[in-house]
Each structure stands twice: as structure tokens, then as C-alpha cells.
Amino acid sequence: LLAEVGRRAGVSLIFRTAPTVPAFEERLGKAEYDLAYMNPYHYVVFHAAQGYEAIAKERDRKIRGILVVRTDSPYRKVAELAGKTVIFPAPAAFAASILPQAEFGRQNIRIDTKFVASHDSVYLAVANGLQEAGNGIQRTFEAAAPEIRGKLRILTETPPYTPHAFAIHPRVPPQIARRVVSAMASLAEDETGRRLLAPLAFKGIEPARDQDWNDIRGLDIELLSQYGKH
């Protein structure tokens, strides 16, 4: 996908990842990436801390946290998980960790919180009966392997928010940023692009602006305080 975006934009995009979400946060904090795909909370934090500017987001999608159990699970209400272990991808995973934990707190449901590194790890652990319930987001759930997804049932979901941001560091020239946005937006317009978007469960990618994430700022979350007050 990045190779095709780079070809259309006339730039070379080199894929980089990190072994854990905290390692990714540390690298964002050091502005190691020219272009990054980050969750809504990360975007608000690293826009303020490092100047990352949103240029695009997934088209026709709001991000929702989902709570999954096995299809044969006896749980039908969130309150029934009181006192149980519920797993999450990472502490600063916005819709899959921050929002669901806030909802458990709002309903005064005490759970044993455990983090397992990734959305896929959540789905795998619950599907295989290693954990009773876990949190993810709709897009990663849709992108999970059918044999895993088929063993899971969505128990509840959070309210919707602006999704992940494709954000670019200010050292990247504006004309390059514009070409990358245009290339991303063109993917949904032809068969080659749609084929590359399909594994991500993306309908397309559309231009975005910083103020699109004001709904996240309105939540007044403070978690990654080492990067300043946000």
C-alpha cells in the first residue's frame, strides 16, 4: 500500500514499525517518523508536542471501542464482568483502552485490567478461551482472520469519535504532503487501490484537518503527561 502511495505521489515511503505501542509513543515523542498513522489520542498529544499535522484519515469511518466475548460466552451485560479480568491492547490505545476503561468507571464496574500488546492479541486470547473478554475497535475486528472473528461476539461498543490520523511532521515540505494526500485519496478510485485497501478494511482515505480531532480534545484526557500537558 505504501509503495503504491509513494509511486502515485512521486516519493519513496519506507515502512517502519515498533515492537510495542509504548515504543511507538517514544519514537513519536522524538519525532522519528516523517509520516505516521496514529490513534486519535496520540494525534492530539503529538500534534501539541512535536507539531505533527493531520493530513488524512479513513473515509466514512468513526472509531468505536468494542468489547468482545466468545460466541458461547454466558455474558450478556457489561455489568456481569464485574470482578473479572478484561484485556486491552495498550494503556494509550484510545478507543480500545481509554474509552472502555472510562465507561467501566462511569458504570462503577470494577474489573481486573490486563494489557496484551495488540488488538490481534486481544481477539486471539478471547477466541481461544484464554481470557473472558477483551477490547478492540470495529476496523481491526473486521480485519481479523475469519476463523478468529467467527468465535467472537461484540457485547457492547463505545460512542463514535474521529478515527486515526495520518499525520506529517513539519519538516516535510508542504508540496510533498499535498502529493501524498492526493495519492492516498486516489486509492479508492481504481481497482489497484481498492485491492490494496481491502486488507485494512478501509473504504478509502480522505483529506483531514487538525480541527477534525476537537472531539478528542473535548474529552480532556491526560495520560502521556511526559510529553507535556494536553
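The values are calculated or read from the model by the stated rules, or taken from the named source; none is laboratory data. Predicted, not measured: the structure shown is a model, and the values here were computed from it. Cβ coordinates were reconstructed from backbone atoms using ideal geometry, including for glycine residues, and neighbour counts include every protein chain displayed. The accessibility values were calculated without ligands, DNA or RNA, using every heavy atom of the protein model including side chains. Shrake-Rupley method; radii C 1.70, N 1.55, O 1.52, S 1.80 Å.
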Subject >> For segment 155-212 and segment 1-54, distance of Cα centres in Å >> reply: 12
Subject >> Å² per residue, accessible surface of segment 1-85 at 1.4 Å >> reply: 50
Subject >> Backbone HN-Hα couplings from phi across segment 197-214 [Karplus 6.51/-1.76/1.60, Hz, Gly and Pro as x] >> reply: 6, 4, x, 8, 6, 9, 7, x, 10, 10, x, 9, 10, 3, 5, 4, 9, 5
**OP:** Would you please classify the overall shape of segment 94-230 from the alpha carbon gyration tensor, given that a ≥ b ≥ c denote the square roots of the eigenvalues, rounded means a/c under 1.5, and beyond that prolate means a/b larger than b/c while oblate covers the rest?
**Re:** oblate
**OP:** Could you rank Val78, Val68 by how accessible they are, 1.4 Å probe, largest area first?
**Re:** Val78, Val68
**OP:** Can you spot the lysines whose alpha carbon is less than 21 Å from Lys30's alpha carbon? Ignore those fewer than 8 places along the same chain.
**Re:** Lys229
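Given R₀ = 45 Å, FRET efficiency for Ala82-Ala198 by Cβ-Cβ distance, to 0.05?
For Ala82 and Ala198, the calculated efficiency is 0.70.
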Subject >> Thr156 long-range amide H proximity, modeled H, under 5 Å >> reply: Leu67
Subject >> Karplus-derived HN-Hα couplings along segment 51-62 (A = 6.51, B = -1.76, C = 1.60, θ = phi - 60°), whole Hz, x at Gly and Pro >> reply: x, 4, 10, 5, 10, 7, 8, 4, 7, 6, 9, 10
Original post:
How far apart, in nm, are the 7 Å Cα→Cβ label points at Asp220 and Ile14?
Top reply: 4.3
Subject >> Paramagnetic label zone (point 7 Å from Cα along Cα-to-C-beta, Glu142; backbone N under 13 Å) in segment 182-205 >> reply: 197-205
Original post:
At what distance in nm do the modelled label points of Asn108 and Ser182 sit from each other, each positioned 7 Å from its Cα along Cα→Cβ?
Top reply: 5.8
Original post:
log10 I(q)/I(0), Debye, Cα-only the chain, no solvent, q = 0.10, 0.11 Å⁻¹?
Top reply: -0.48, -0.58
**OP:** Take the solvent-accessible surface of the protein heavy atoms, probe 1.4 Å, and return the percent of it on segment 80-180 that carbon and sulfur atoms account for.
**Re:** 53
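Taking a 29 Å limit on the Cα-Cα distance, which of the listed pairs Lys114/Lys151; Lys62/Lys114; Lys114/Lys203; Lys62/Lys151; Lys151/Lys203 fall beyond it?
Correct reply: Lys114/Lys203.
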Subject >> Where segment 146-230 is the region considered: accessible area per residue in Å², 1.4 Å probe >> reply: 56
